[in-house]
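So the structure is just underneath, and the comments pick up after that.
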Amino acid sequence: MNRSALSPCSRPCRAHDEERTVPEANKPQLAEQISKRSGSLLAASTVLAVAALLAGCASTNGATAQSQNLMSTKQAGATDTQTPWPASDWWKAWGDPQLNDVIDKALVNQPSLQIVQTRVVQAQAAADAAGAARAPQVSGSLDMTAQRFSKNGMVPPPLAGSVKWNNSAQIGATWELDLFGRQRAGIASAIGQLRAAQAEAQAARVLLAGNVTSTYVNLARLVDARKVMQQALNQRDQTVRLVRQRIDAGLDTNIELSQSEGLIAQTMVELEAIDEAIARTRHALAELTGQNPNALDWLTPQLATVKATPLPKGLPVDLIGRRADLVAQRWRVEAASKDVDVARAQFYPNVNLMAFAGLSSIGLDTFLKSGSGTYGAGPAVRLPIFEGGRLRANLSARNAELDAAINGYNATLLRALREVADEVSTLKSLERQQRSQDDALKSAETAFDLALQRYHKGLGNFLIVLTAENNVLVQRRASSELKARHLSAESALARALGGGYQEDAATTIGAAVTRR
């Protein structure tokens, strides 16, 4: 009978070949090697199986976030209408070259923006470090120590009691398999923090531009107020000359002269107060632009040269959602949720593949010989069994941070909508006030001209002139204040709508980190 027909293989098995070719004296050694290899594989499989089994015992019940989901813009009360998105250089629509130059300097020189930018660099480095953790880690070590071995220890003679060099050189590599997504969640959290930092940097830019604009408008208001007071001083000088002429003609007394001269002194005091306010405002504007306090002493902006922009007809939901501070809060929520995933993954085993190779010897003469070689490879599993509640406490803390991030986002959204609603209401009211104020100023100027003409002709008294003059001064100041308030409200509305923030740069950088 053919033996191959009885074999379970279509041809003689390798074990049969080995059995025919291996000498009888080596058969026990071969059996021992096969047994060791099988035992190693069995041990590794057993470790992984036990790790997976014990992982099922980890419980995270009860450690969950309590906050509701992110509030939508519609839930917060925004209306879905259409309006142009503010440009990133929205202030240029005012047509004031001096303002454009001042803001450009501020965006380049202001140290606060540079501080925020360093936080972006730090967040980028953290994202890079989180991404690098997924790659295999290789390290090397070299130890050479002159050591005296104890006579009464475990080392036998002739080493016992002698001094020898104990040498070791090794290169090791580890690679975490990330079976439960801890590293992936950590990378996603780092990317979320990076994008939040980028959005906050843009929010700081928008805020700085808005602060510069507001300060510039305030300076223009003060310059305009000084112009009004200078006009009042000129008018009062003319009034004093007229009073003296009437005294010479016997139509007035020194009482009217004292009153008119007193008004000139009062005007000089008010001019000095305005000059002080102008100097302080210039200093504040110089600080915002990153310059020395006297760098803008030449700056004299005029409200008349600034062109107000019309109020948008509607405020769309997507504009509110793209505010830089709101985007930053949204990314903080994303990062916090991934931190929760990291904390939850710590309840499960950490599986690493490890390998090393090197040299180890006692004495320098044998250190570089082939017999001093050492190497090894295999899996390493670490898992929590009893941590005294540390992991659950960490998970609870991460869930609390997620709750805080969600509530912070919702609060920022509500504040954003309130800011937009406030500035829209203010602008609508100011437009109505300005129309009425124009009429009031025209009436006051007409009344003053008539009162001065009647007084010059001897048909009215000086009190009527003073009353009409004060009314003109009040109305001119009111007109200037309303124009300044309107410009400030426009600036605030542009900030409330995001100031032209775009998230494209943050998305691009984050995607690049994700691909690493």
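The values are calculated or read from the model by the stated rules, or taken from the named source; none is laboratory data. Since the model is a prediction, treat every value here as computed from it, not as a measurement. Methodologically, a virtual Cβ is constructed for each residue, glycine included, from the backbone with ideal geometry; neighbour enumeration extends over all protein chains shown.
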Restricting the range 474-516 to residues that are outside any helix (DSSP H, G or I) and under 30 Å from A129 (Cβ atoms), the one modelled with the highest pLDDT turns out to be Y501
Quick check on my filter: what residues within the range 106-150 are more than 30 Å from D339 (Cα to Cα) and in a strand (DSSP E or B)? G140, S141, L142, D143, M144, T145, A146, Q147, R148
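Residue-wise test of (1) at pLDDT below 90; (2) in a loop (DSSP other than H, G, I, E, B); (3) closer than 29 Å to D101 by Cα; (4) within 24 Å of the chain's Cα centre (by Cα).
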| site | (1), (2), (3), (4) |
| --- | --- |
| R280 | no, no, yes, no |
| H283 | no, no, yes, no |
| L296 | no, yes, yes, no |
| K307 | yes, yes, yes, no |
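Under the condition of being part of a strand (DSSP E or B) and either touching a Cys at 6+ places or on another chain (Cβ under 7 Å) or aliphatic (A, V, I, L, M) (or both), which residue from the range 151-175 is surrounded by the fewest Cβ atoms within 10 Å (Cβ to Cβ)?
My answer is V163.
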Need pairs with beta-carbon distance below 7 Å; first residue touching a residue at least 40 places away in the same chain (Cβ under 8 Å) and at negative phi and within the range 353-381, second in a strand (DSSP E or B) and aromatic (F, W, Y); sequence gap 6+ or separate chains. L353/W175; F356/Y375; A357/Y375; L364/W165
Answer from L413, L402, L452 - the residue that is in a helix (DSSP H, G or I), more than 30 Å from D339 (Cα to Cα) and not small (G, A, S): L452
Restricting the search to the range 138-150, which residues are surrounded by 11 or more Cβ atoms within 10 Å (Cβ to Cβ) and either among the β-branched types (V, I, T) or not assigned by TED's automatic domain parsing to the domain that holds A357 (or both)? V138
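Every residue in the range 118-133 that is under 17 Å from G181 (Cα atoms) and surrounded by 14 or more Cβ atoms within 10 Å (Cβ to Cβ), please.
Within the range 118-133, A127, A130, G131, A133 qualify.
V465: more than 25 Å from the chain's Cα centre (by Cα), under 27 Å from T267 (Cα atoms) and surrounded by 13 or more Cβ atoms within 10 Å (Cβ to Cβ), yes or no? Full working, then the answer.
Values: more than 25 Å from the chain's Cα centre (by Cα): yes; under 27 Å from T267 (Cα atoms): yes; surrounded by 13 or more Cβ atoms within 10 Å (Cβ to Cβ): yes.
The answer is yes for V465.
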Does A451 meet the test of being under 50 Å from the mean Cα position of the chain (by Cα) and either in the same structural domain as G498 (by TED's automatic domain parsing) or surrounded by 13 or more Cβ atoms within 10 Å (Cβ to Cβ) (or both)? no
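So that you can scan it fast, the table gives a plain yes or no per residue for (1) touching a residue at least 24 places away in the same chain (Cβ under 8 Å); (2) buried (at least 18 other Cβ atoms within 10 Å of the Cβ); (3) farther than 27 Å from L487 by Cα:
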position: V217; (1), (2), (3): yes, yes, no
position: L222; (1), (2), (3): yes, yes, no
position: Q230; (1), (2), (3): yes, no, no
position: N234; (1), (2), (3): no, no, yes
position: D237; (1), (2), (3): yes, no, yes
position: R241; (1), (2), (3): no, no, yes
position: T253; (1), (2), (3): no, no, yes
position: Q259; (1), (2), (3): yes, no, yes
